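The values are calculated or read from the model by the stated rules, or taken from the named source; none is laboratory data. These numbers come from a predicted model, not from an experiment. Note: ideal-geometry Cβ built from the backbone for every residue, glycine included; neighbour counts use all protein chains shown.
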There are 2 protein chains.
Amino acid sequence: MQTLQVSLDARSYPIHIGRPEANEFGHMLRDAVPKCSKIIIVHDESVARFAARNAMVIAPDSRSIHLVSVASGETSKSVEQLDRLWKTMLSLKADRQSVLVAIGGGVIGDLVGFVASTWNRGVRFVQVPTTLLAMVDSSVGGKTGINLPEAKNVIGAFWQPSLVWVDTASLDSLPDREYRSGLAEVVKYGVILDEAFFRSLEDRASDILGRDDFAVTEIVKRSCELKAQVVAADERETTGLRAILNYGHTFGHAIETLAEYGTYLHGEAISIGMTMAGMLALSLGRWTASDLERQTELLARFGLPTRIAPAIASRFSHAAMMDAMLLDKKTSHGRLHLILPSRIGHVETVVDAPLELIEDAIDACLG
Amino acid sequence: MQTLQVSLDARSYPIHIGRPEANEFGHMLRDAVPKCSKIIIVHDESVARFAARNAMVIAPDSRSIHLVSVASGETSKSVEQLDRLWKTMLSLKADRQSVLVAIGGGVIGDLVGFVASTWNRGVRFVQVPTTLLAMVDSSVGGKTGINLPEAKNVIGAFWQPSLVWVDTASLDSLPDREYRSGLAEVVKYGVILDEAFFRSLEDRASDILGRDDFAVTEIVKRSCELKAQVVAADERETTGLRAILNYGHTFGHAIETLAEYGTYLHGEAISIGMTMAGMLALSLGRWTASDLERQTELLARFGLPTRIAPAIASRFSHAAMMDAMLLDKKTSHGRLHLILPSRIGHVETVVDAPLELIEDAIDACLG
């Protein structure tokens, strides 16, 4: 097991990563949430067995622990599901000392974290991410929330967990495509912040693809460390520093929208988005062709797309892409703020890049 | 105009109290929320005219300002109303720089504050309390939230306003019974924290009852100052210090429940609750009969009840009162924590007061 501390003053918390011994989770949980009156585990239906196993580890007597299942998929981040969980909390007589445990991917973490932030004006919660994407992305940052039918993540709160428990064994049953999708965010951390980490991803690509336990633990740990540095400097996204985490995401979110949600997994869209951003940086003379090539090659080696599939290319007109990008929450007063690399390990914010160069970068990744 | 600063580190904010000059509110609002993109005023339907007048003062061109009306009464603190306001925010294209303004009593402040805390993971909000109770109670403390049908305030967040604007002119149309109800909390601050303030309430009772502008400004200011001291020492209700604000409330909440919500206004129930707490303190030998008499006389002078009305006394059996009191959120592990005075200006927490003395204190205020 490896441990990493996320430093946020009174809201600091540890992330434990690896394959735990028999009762390790139970012990660490009780350490992280003293005076806990009751534990309510909310899990994705797809990891019911893993959740039940953990429940037994945490509370062998099962009196003070409850399991609540939530349907898989983004549609569970809804007002209806939120209301259902609030009512469940009431029926379980959850109080201020109760602790929520979220077991699942990003959807479960966002939803359960938001319930925790709003129950009795805030109770403690523990995150147990079971997808690679959730391990390297939503483990750090404190963003919680739900969607309205027409707008993602417009409702939510910043609420930090008391503990994040990454049991790499939970990846054993993760479908390959989902695992690879998570790797896109891992590559992102290398490009935006850490050239040495990027090189280690190149060097150890086959171990990583083979889900070698040691390799997985290392990439999760380093990704969380890098994200934690950024978040510590801008916890509530007020200074703009946190925006660098958005590399590839303004293009990526537009791709998710135009391809229709579900066509691409999040990491796949981000992979294409990073390629578009890289192309734009190249044409602006901010980046070298060889750096862009390294990025493209690594993404491809991880089985990630770097171009839009020809079958749906017709949906990606310049106008449609620009509209979708301008709707992205990261724009400000109608001006695109794009994160572009200047070398591997370093990015900068570029405002008002020339429209025709943005369009060229999109075209270069079409079909 | 008098100004008071509530000190909570980065979350500090001013409270302005008095009758403003023509454009004063607009100027102060723009100072308190720089870079505001859009203003959404949510007001109680009963103060629609006052809200519309303020809207004109804030934004004479009316392009960037919107008025949303909410039905009066506790039932508006519901999941349905919350969902409706979230959808309104979306339809108004509210973004991170938008500002919510709550105009109304405690219900509106709690509801709108909670919407502010959850929209885009937190936007700024301004409180314009229009009842005396809201001015002296919910102006300070940062408690926001809604009810579930079976449980009050179980959903919510701590979220501080950017500015509180107390326009004493808004009291002109407040019904007398509601005004008097607010005075119960004012008396409470004197009993728990400030003997000199209590004495000034005795001395100036007729000015206060006559809603003399100067007297009202003074009692609102001093009440907010006293509450702000307590909240600054225990912002999130974690150290127990904040519990002293609960004087009279454990009895009072039980009275509200048993009498059926609506029979007594909040302050009326608290007035009886303070009398019960005072009786108990007396029988425990913690307080003097003359201090209790001063409290009872001042409450009575303000037209507040200090006994349960005979017509409903039969609902207040010992068992029913104890059950309702033990359900109060301020109890811990089934043990009553009562705030009892030791002299005017000072209270202490008493755990496990003898049951028969509690029952005697209840009986002493019956019929």
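A few comments on the model shown:
- Within region A:201-224, if we keep just the residues that are buried (at least 16 other Cβ atoms within 10 Å of the Cβ) and touching a Gly at 6+ places or on another chain (Cβ under 8 Å), the residue that is farthest from A:D291 (Cα to Cα) turns out to be A:T217.
- Criterion (modelled with pLDDT under 95 and acidic (D, E)) met by exactly one of B:D110, B:D95: B:D95
- For A:V351, the criteria (1) among the aliphatic types (A, V, I, L, M); (2) loosely packed, with under 13 Cβ neighbours inside 10 Å; (3) farther than 21 Å from A:E237 by Cβ hold in every case but one, which is (3).
- From the options B:A243, B:A300, residue that is under 24 Å from B:A151 (Cβ atoms) and in a helix (DSSP H, G or I): B:A243
- Here B:R199, B:R211 are screened, and the one residue that is within 27 Å of B:G345 (Cα to Cα), part of a loop (DSSP other than H, G, I, E, B) and not assigned by TED's automatic domain parsing to the domain that holds B:T118 is B:R211.
- Just one of the numbered conditions (1) assigned by TED's automatic domain parsing to the domain that holds B:Y264; (2) in contact with a helix residue (DSSP H, G or I) (Cβ under 7 Å, 6 or more places away or on another chain); (3) at positive phi; (4) of a type outside the set (S, T, N, Q) is not true of B:G240: (2).
- Considering A:S72, A:S46, A:S64, the condition of being in the same structural domain as A:F114 (by TED's automatic domain parsing) and surrounded by 16 or more Cβ atoms within 10 Å (Cβ to Cβ) is satisfied by A:S46 alone.
- Taken together, the criteria place A:A228 among residues that are out of contact with any Lys or Arg (no Cβ under 8 Å at 6 or more places or on another chain) and at negative phi.
- The set of residues in region B:87-104 that are closer than 12 Å to B:I40 by Cα, surrounded by 24 or more Cβ atoms within 10 Å (Cβ to Cβ) and in contact with a His (Cβ under 6 Å, 6 or more places away or on another chain) contains only B:I103.
Residue-wise test of (1) modelled with pLDDT of 95 or more; (2) away from chain A (no Cβ under 14 Å).
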residue	(1), (2)
B:F251	yes, yes
B:E260	no, yes
B:S283	yes, yes
B:S290	yes, yes
B:R294	yes, yes
B:L327	no, no
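- Among the residues of region A:11-57, those identified as over 25 Å from the mean Cα position of the chain (by Cα) and either of a type in the set (K, R) or under 24 Å from A:G142 (Cβ atoms) (or both) are A:R30, A:D31, A:P34, A:K35, A:C36, A:S37, A:K38.
- Qualifying residue in region A:265-287 (condition: part of a loop (DSSP other than H, G, I, E, B) and hydroxyl-bearing (S, T, Y)): no
- When restricted to residues that are of a type in the set (A, V, I, L, M), surrounded by fewer than 22 Cβ atoms within 10 Å (Cβ to Cβ) and assigned to a strand (DSSP E or B), region A:158-169 contains 1.
- If only residues of region A:52-85 that are modelled with pLDDT under 95 and in contact with a Leu (Cβ under 7 Å, 6 or more places away or on another chain) are counted, the one that is nearest to the other protein chains (Cβ to nearest Cβ) is A:I58.
- One residue stands out among those in region A:75-86 that are surrounded by 19 or more Cβ atoms within 10 Å (Cβ to Cβ) and hydrophobic (A, V, I, L, M, F, W, C): the one that is nearest to A:L111 (Cα to Cα), which is A:L82.
- For region A:52-85, a tally of residues being in a helix (DSSP H, G or I), under 30 Å from B:L327 (Cβ atoms) and not hydrophobic (A, V, I, L, M, F, W, C) returns 4.
- Selected residue (only one of A:I146, A:I155 is within 18 Å of A:S72 (Cβ to Cβ) and outside any helix (DSSP H, G or I)): A:I146
- Selected residue (criterion: nearest to the other protein chains (Cβ to nearest Cβ)) from residues of region B:222-236 that are under 16 Å from the mean Cα position of the chain (by Cα) and acidic (D, E): B:E235
- Restricting B:V123, B:V115, B:V107 to those that are more than 21 Å from the chain's Cα centre (by Cα) and either buried (at least 22 other Cβ atoms within 10 Å of the Cβ) or closer than 28 Å to B:T257 by Cα (or both) reduces the list to B:V123.
- Condition check for A:R49: assigned to a helix (DSSP H, G or I) and farther than 16 Å from A:V99 by Cα: yes
Matching residues to (1) within 14 Å of another protein chain (Cβ to nearest Cβ); (2) charged (D, E, K, R); (3) part of a helix (DSSP H, G or I):
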position	(1), (2), (3)
B:K87	yes, yes, yes
B:D95	yes, yes, no
B:A102	no, no, no
B:V107	no, no, yes
B:G122	yes, no, no
B:V126	no, no, no
B:L133	no, no, yes
B:S139	no, no, no
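- The single condition among (1) buried (at least 20 other Cβ atoms within 10 Å of the Cβ); (2) more than 15 Å from A:D167 (Cβ to Cβ); (3) more than 14 Å from every other protein chain (Cβ to nearest Cβ) that A:S12 does not satisfy is (1).
- Enumeration of residues in region B:248-264 that are surrounded by fewer than 22 Cβ atoms within 10 Å (Cβ to Cβ), hydrophobic (A, V, I, L, M, F, W, C) and under 15 Å from B:S181 (Cβ atoms): B:A259
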